[in-house]
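Worksheet: the structure to be examined is printed underneath.
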Amino acid sequence: MSPYKAIYDFEQSLLLDDKLKITLNSTLAKKLEFIFFYLSSDSDQMLSEHSYSDEYLNYLYDIWGICGREKLAMSSDLDMPSWWIKNCDLEFERKINSKKELALFCRRYGHDSEFPFLIPGVDDIGVIEQTVRELQFNKWIIKHEYGHSGKWIRVFKKTKLLEHLYEIDLSGCIIEPYVKRVRDYGILINQNGYKIYHSYSYKNGGFCGAVYNYKDSNDRELLKTKFHLKKMRSDIKEYFEYDKFQKGKKEKIQLDCFDYVNESGQIKTRILCELNHRHTMVDLMWFANNYKKNAIGTEYFSGLFLLSFKGEFPSFEIIYNQVTKSNNEESMAFPLCDGAYGVLFVWLASSKKSILFQKLKDVVGNIQAKDISSIILD
């Protein structure tokens, strides 16, 4: 078997419009390559241009039970498949990961009925114009159906959108109001049930972090009344013919949603902002939570954060020491990557949320990373 290339170009693989495709940022691909170690199958290998130190490869085995050296291929065919879309049925993935298809799903089954999204090509352009004009939102967003992390997403002032509405290419897009988001959620649906976590993003829409709160995920009433997950799960599987296309594979669906302030100043919830049927950054947190479950117990808070800093550390040993030096019975933190390219993914766990965030603050200070307190401040 040819080894994989660890370039996470999932959304680009779904695009049918070549005009939207961009040249992948090779530096970004290198920053995220380490994810392969944690989430790939035991037999999978990748060809890497990055030189991983013996310190880091030993750490992968000692702390996480990962045989990193065995996952690194020495040579490859010229045409390497992309691991991120391994074993995918692209037609199915185009449908289930499409924001436009998700909007149609919500319309059919009555989900997210309070949030005023519009579907060009389904909603008449005149109706779209009238809706934008009548609703009291000052900004609107046009999202391409495969937009992600701030890419292929355009924000317009209401006046500008009305002025140019008939000129804008709206194919494959949805239109929705730009609202003040109070809190972002993620919901993982799999064969074991549901898990809820809080998510955080940088201003450009890129991933900043996530926190899992066992209390939220154990709150059956929250799941029942706010998210209606049992019905939603059934509706998703019916509409997208999930069992037909995913027969024999483990069920795994991630929903993105958020609380926001509506026109009347009330806090409402956008139940289905996105549906992701792929690996996500948060999968790293689930991996670490599961691997360290004997150490952290059942009543815990955990977090995964992407930290950035200037320059590079002279060795992984220094990174490890700086991140873990205050580990104790109440809390722990571990680096997941080797700190190359000025970024570091850190996993943390604690018995209390306040201790978790203090732990994160200590790590940020120890490695002199960019302060992210304004992003994660509750």
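Every read-out reported here was derived from the displayed coordinates using simple, explicitly stated rules and does not represent laboratory data. Since this is a predicted model, take the numbers as computed values, not measurements. All Cβ positions, even for glycine, are placed from backbone atoms using ideal geometry, and neighbour counts span all protein chains on display.
Starting with the fewest neighbours, write out SER302, SER308 ranked by other beta-carbon atoms found within 10 Å of each beta-carbon.
SER308, SER302
Return the sequence-ordered ³J(HN,Hα) values of the range 197-210 in whole Hz as given by the Karplus equation 6.51 cos²θ - 1.76 cosθ + 1.60 applied to θ = phi - 60°, using x for Gly and Pro.
9, 9, 10, 9, 10, 6, 4, 7, x, x, 5, 10, x, 8
Please list 3J(HN,Hα) in residue order for the range 237-245, calculated via the Karplus relation 6.51 cos²θ - 1.76 cosθ + 1.60 where θ = phi - 60°; whole Hz, with x for glycine and proline.
5, 6, 5, 8, 6, 4, 5, 5, 8
Once you wrap a convex hull around the alpha carbon atoms of the range 181-376, what is its projected area averaged over all directions, in nm²?
Its Cα hull, projected and averaged over all orientations, spans 12.8 nm².
Compute the relative contact order of the chain as a whole-number percentage, counting only Cα pairs closer than 8 Å that sit 6 or more residues apart in sequence.
With pairs under 8 Å counted, the relative contact order is 15 percent.
Each residue of the range 171-184 in order: what ³J(HN,Hα) in whole Hz does its phi give by Karplus 6.51 cos²θ - 1.76 cosθ + 1.60, θ = phi - 60°, with x for Gly and Pro?
4, x, 10, 10, 10, 8, x, 7, 10, 7, 8, 9, 7, 9
For the range 60-189, with the dipole built from +1 on Lys and Arg beta-carbon atoms and -1 on Asp and Glu ones, taken about the Cα centre, which of LEU60, VAL182, ASN87 lies farthest toward the positive end?
Sorting the options by dipole projection puts first VAL182.
Rounded to the nearest Å, what's the spacing between the alpha carbon centres of the range 113-188 and the range 286-310? Just the number, please.
Each part reduced to its Cα centre gives a spacing of 35 Å.
Once you have the Cα-Cα distance between SER326 and ALA295, take 0.36 nm times their residue separation minus that, and quote the gain in nm to one decimal.
So the extension gain works out to 9.6 nm.
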